[in-house]
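Dropping a structure here in structure tokens format, bear with me for questions.
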Amino acid sequence: MKFLFNTVLTGLLAIGLVACNPEPVELSDHDWFVTDLAGSSAAKEKLADLSLEFKEEQAIGGFAGCNDYRGAATYNREQIKFSTLYADTDSCDDINLEKRFLSNLESSTSYTYRAGTLVLYDDGGNILVEMEKN
């Protein structure tokens, strides 16, 4: 009887763990476009111009609002860390949006993925950037 109880309990725990985990995604399989950016009041059309692409060997890049940017990202199933982000130096009307986007990326420490949406969070669990895959 005890064996049956332990077997059932173990099975339920395994199902619970699988059900609670977000669906797996390979971040580099998609280009990501911003749908919401904490600290910015930019229109959805402007946000949709901001992009993130995961490349080979931890490299990333994309468009930040005025300029293309590059850098690196290390990540696992839950945690993410962007580093060495740098952009070209052209100035434009959206330079503050660009600075906010890059700053939010650099402040990201974790992420979730669900139903085509990638959400980046800071250490406090605050949402910094929401993106959709292309």
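The values are calculated or read from the model by the stated rules, or taken from the named source; none is laboratory data. Just so it is clear, the model here is predicted, and its values are computed rather than measured. Side chains are part of the model used for accessible areas, which takes the heavy atoms of the whole protein and leaves out ligands, DNA and RNA. Shrake-Rupley method; radii C 1.70, N 1.55, O 1.52, S 1.80 Å.
Out of residues 5 or more away from Leu50 or on other chains, whose amide H comes under 5 Å of its own, with H placed 1.01 Å from N in the peptide plane?
Val34
Counting only protein heavy atoms and using a 1.4 Å probe, what share of the accessible area of region 25-134 belongs to carbon plus sulfur, as a whole percent?
Working: 2510 of 5990 Å².
After summing per-atom areas, the C and S share lands at 42 percent.
When ligands, DNA and RNA are left out and all protein chains stay put, how many square angstrom of accessible area per residue does region 84-128 have with a 1.4 Å probe?
Details: 2500 Å² over 45 residues.
Counting only protein heavy atoms, the per-residue value for region 84-128 is 55 Å².
Per-residue accessible area for Lys44 at 1.4 Å probe radius, Å² rounded to 10?
Answer for Lys44: close to 130 Å² accessible.
In the structure displayed, which of Lys55/Lys99; Lys44/Lys99; Lys44/Lys81 lie more than 20 Å apart, Cα to Cα?
Numbers: Lys55/Lys99 22 Å; Lys44/Lys99 17 Å; Lys44/Lys81 26 Å.
In this structure, Lys55/Lys99; Lys44/Lys81 lie more than 20 Å apart at Cα.
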